[in-house]
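The values are calculated or read from the model by the stated rules, or taken from the named source; none is laboratory data. Quick caveat, the model's predicted, so the values are computed rather than measured. Virtual Cβ from ideal backbone geometry, glycine too; neighbours counted across all protein chains shown.
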Amino acid sequence: MKVLLVEPPMQIWELMGDCCAPPLGLAYIAAVLEQHDIPVELIHCNGLNITWEELPEKIQKSSPDIVGTGAMTPMFSDAVRLVTMAKKIDPHITTVVGGSHATFLYKDILQQVPDIDIIVRGEGEETIVDVVNCLETNGNLKKVKGIAYREREKERENGNGSGKENGSGNITVTEPRPPVDVNSLPLPAYHLLPMDNYHFEFLEEFSTVLSSRGCPFSCTFCSEWDFWGKPWRPRNPESVGEELEIVNKKYKRKSVWFGDDCFNVDYHHIKGICDQISERNLDVQWFYQGRLDYLIKHKDLLPLMRKTGNIMVQIGIESATNQELESINKKITVDQVKKAVNLMRENDIICQGMMIIGTFDDTVDSILHKIKFMKSLKVDFPIFTMFTPFPGSKVYEKARKEGLIEEYDYDHFDMAYPVMPTKGLSREELFRWYGECHREYFFDPLQILIGILSKNRFKRAIWRHMLHYSLKMAYKILFKKGELRL
């Protein structure tokens, strides 16, 4: 059986600018399939500049038995479009979809999208191998852990998972699969990807690497900790070093984003990776998403991290009051935020600070306070995000139960579009204030001077990019209200 993995053409979040990153999840799955001698092909449409009009020919040429894909919530409609396309090309193709959105909404999806045959719930590396083997041997899908699927007539007749007929049927959910041992996985199948084509708006040749999976925390607005499961699972630093060397020396990538949900949990993990970068003489500039309280806890490592190429850290500031931080279960304080930002400044590490707008109790005054707080911190690269109830998060459960979500077009669950009001602000008012956050910060003459006159070339590039983005936001709010469907 041949497997074709596809990341379809996707519109990148506008804030990211000109960005194209490797689909690391599919690359891991491809590597595991190769490890089990299962024929696999990987098509990354954005990386190869393949359009929707060109994609059918690529699928036909591949002639797969299985087409697999995965997508986050705002891109899930692209996954649906892909599997529908695959079924039109050949109704006998088995379509498999994974990712957090499908994991948490598998029942709704299987009821609403008949072209999806199987949903992988949770991590997919071990599951996809079992699915392929089951289909190839005419086995029973009920014995495959970690999936949900719609039984077809043939399956109900003979009790196995060999049926190919489309149509409605009972939804079967199998036993959950335990988290994988991340140190048992092969390195991603970079050789199946157009590595020369990956780039990021203000960074040099770009790629991504995962050094761990999971997160030991459970913020109410996040679903990733539930998707990956607990505990936090780090890879061996030696394995991470080997991957970094391949990315840097073989594929000439100089900028690396550690895509972990929380990179900086463990002191020895961080130090081990820094040591690997030094010992292998790697020429990389790297950045990551991490906890600001861990940054403080491991502050002795900051000089070493900066020396080995750490140029930026994305931290979740999220709020300007301890009360709201507690309400979203962030487990940090305002004083810790101030300390972490100062530590980054002292070590010449760019601070990318995330701030949430539109929480349940947000008002005009509280949003103004958030803007004022971010300005007082002098965050190098502030990112204001809309409070978004992602499926699988505690916020989603509360908002859905209380009927707060006014927009269920998941394309708009992109952290830049309000899908629910606050107690005191409508969605239209929220969107205006979202734009105001960017205007207040990025059109402030003092902040502009600090940014564009910085000695750090990355800070200068970031500010040029964010000024451009903020101008586009202002244009949308002023002249394109009708297109926002608020």
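Can you find even one residue in region 362-369 that is of a type in the set (Gly, Ala, Ser) and surrounded by fewer than 18 Cβ atoms within 10 Å (Cβ to Cβ)?
no
Return the only residue of Pro74, Pro56, Pro91 being assigned to a loop (DSSP other than H, G, I, E, B) and either in the same structural domain as Glu125 (by TED's automatic domain parsing) or without any contact (Cβ under 8 Å) to a residue 12 or more places away in the chain (or both).
Matching residue, one of Pro74, Pro56, Pro91: Pro91.
Could you tell me whether Ala27 is crowded, with 18+ Cβ neighbours inside 10 Å, farther than 30 Å from Asn138 by Cβ and aliphatic (A, V, I, L, M)?
no
Between a first residue in region 303-325 that is assigned by TED's automatic domain parsing to the domain that holds Ile273 and a second residue that is part of a strand (DSSP E or B) and β-branched (Val, Ile, Thr), which pairs have beta carbons less than 7 Å apart while being 6 or more apart in sequence or on different chains?
Ile311/Ile350; Met312/Ile350; Glu318/Ile356; Ser319/Ile356
Which one of Pro382, Pro389, Pro418 is more than 16 Å from Thr321 (Cβ to Cβ), touching a strand residue (DSSP E or B) at 6+ places or on another chain (Cβ under 6 Å) and at pLDDT 95 or above?
Pro418
From the set of residues in region 100-137 that are within 24 Å of Glu34 (Cα to Cα) and either acidic (Asp, Glu) or outside the structural domain of Leu82 (by TED's automatic domain parsing) (or both), which is surrounded by the fewest Cβ atoms within 10 Å (Cβ to Cβ)?
Restricting to residues being within 24 Å of Glu34 (Cα to Cα) and either acidic (Asp, Glu) or outside the structural domain of Leu82 (by TED's automatic domain parsing) (or both), the top hit is Glu136.
Consider Leu430 carefully, then state whether it is more than 23 Å from the chain's Cα centre (by Cα) and either at pLDDT below 85 or in a loop (DSSP other than H, G, I, E, B) (or both).
Considered against the rule, which asks whether it is more than 23 Å from the chain's Cα centre (by Cα) and either at pLDDT below 85 or in a loop (DSSP other than H, G, I, E, B) (or both), Leu430 comes out as no.
Scan region 291-319 residue by residue and report those that are of a type in the set (Ser, Thr, Tyr) and assigned to a helix (DSSP H, G or I).
Answer for region 291-319, where residues must be of a type in the set (Ser, Thr, Tyr) and assigned to a helix (DSSP H, G or I): just Tyr294.
Could you check how many residues of region 32-48 are in contact with a helix residue (DSSP H, G or I) (Cβ under 8 Å, 6 or more places away or on another chain), in contact (Cβ under 8 Å) with a residue 60 or more places away in the chain and surrounded by fewer than 21 Cβ atoms within 10 Å (Cβ to Cβ)?
Summing the residues that are in contact with a helix residue (DSSP H, G or I) (Cβ under 8 Å, 6 or more places away or on another chain), in contact (Cβ under 8 Å) with a residue 60 or more places away in the chain and surrounded by fewer than 21 Cβ atoms within 10 Å (Cβ to Cβ) in region 32-48 gives 5.
Name the residue that is surrounded by the fewest Cβ atoms within 10 Å (Cβ to Cβ), counting only residues in region 320-358 that are in contact with a Lys or Arg (Cβ under 7 Å, 6 or more places away or on another chain) and in a loop (DSSP other than H, G, I, E, B).
Among those that are in contact with a Lys or Arg (Cβ under 7 Å, 6 or more places away or on another chain) and in a loop (DSSP other than H, G, I, E, B), it is Asp348.
So, in region 366-385, exactly how many residues are within 28 Å of Tyr408 (Cα to Cα) and either in contact with a helix residue (DSSP H, G or I) (Cβ under 6 Å, 6 or more places away or on another chain) or not aliphatic (A, V, I, L, M) (or both)?
Of the residues in that region, 6 qualify.
Based on this model, can you work out whether Leu135 counts as among the hydrophobic types (A, V, I, L, M, F, W, C), in a helix (DSSP H, G or I), in contact (Cβ under 8 Å) with a residue 40 or more places away in the chain and farther than 24 Å from Ile12 by Cα?
yes
Can you find a residue in region 171-179 that is in contact with a Ser or Thr (Cβ under 8 Å, 6 or more places away or on another chain) and hydrophobic (A, V, I, L, M, F, W, C)?
For region 171-179, residues in contact with a Ser or Thr (Cβ under 8 Å, 6 or more places away or on another chain) and hydrophobic (A, V, I, L, M, F, W, C): absent.
Take the conditions touching a residue at least 60 places away in the same chain (Cβ under 8 Å), crowded, with 20+ Cβ neighbours inside 10 Å and either in contact with a His (Cβ under 9 Å, 6 or more places away or on another chain) or not assigned by TED's automatic domain parsing to the domain that holds Ala71 (or both) and apply them to Trp433. Does it pass?
yes
Give region 388-411 a look and list any residue that's of a type outside the set (Asp, Glu), surrounded by fewer than 19 Cβ atoms within 10 Å (Cβ to Cβ) and out of contact with any Ser or Thr (no Cβ under 7 Å at 6 or more places or on another chain), or say none.
Those that are of a type outside the set (Asp, Glu), surrounded by fewer than 19 Cβ atoms within 10 Å (Cβ to Cβ) and out of contact with any Ser or Thr (no Cβ under 7 Å at 6 or more places or on another chain): Lys398, Arg400, Lys401, Gly403, Leu404, Ile405, Tyr408.
Take the conditions assigned to a strand (DSSP E or B) and either within 24 Å of the chain's Cα centre (by Cα) or surrounded by 16 or more Cβ atoms within 10 Å (Cβ to Cβ) (or both) and apply them to Val97. Does it pass?
So Val97 passes the test.
Which residues, taken from region 263-287, are within 16 Å of Arg233 (Cβ to Cβ) and buried (at least 22 other Cβ atoms within 10 Å of the Cβ)?
Phe263, Asn264, Val265, Ile270, Ile273 - these are the residues of region 263-287 that are within 16 Å of Arg233 (Cβ to Cβ) and buried (at least 22 other Cβ atoms within 10 Å of the Cβ).
Which one of these is assigned to a helix (DSSP H, G or I), assigned by TED's automatic domain parsing to the domain that holds Met420 and under 28 Å from Val419 (Cα atoms): Leu471, Leu449?
The match here is Leu471.
Which of the residues spanning region 263-275 are touching a Leu at 6+ places or on another chain (Cβ under 7 Å) and of a type outside the set (D, E, K, R)?
Hits for region 263-275 are Asn264, Tyr267, Ile270, Cys274.
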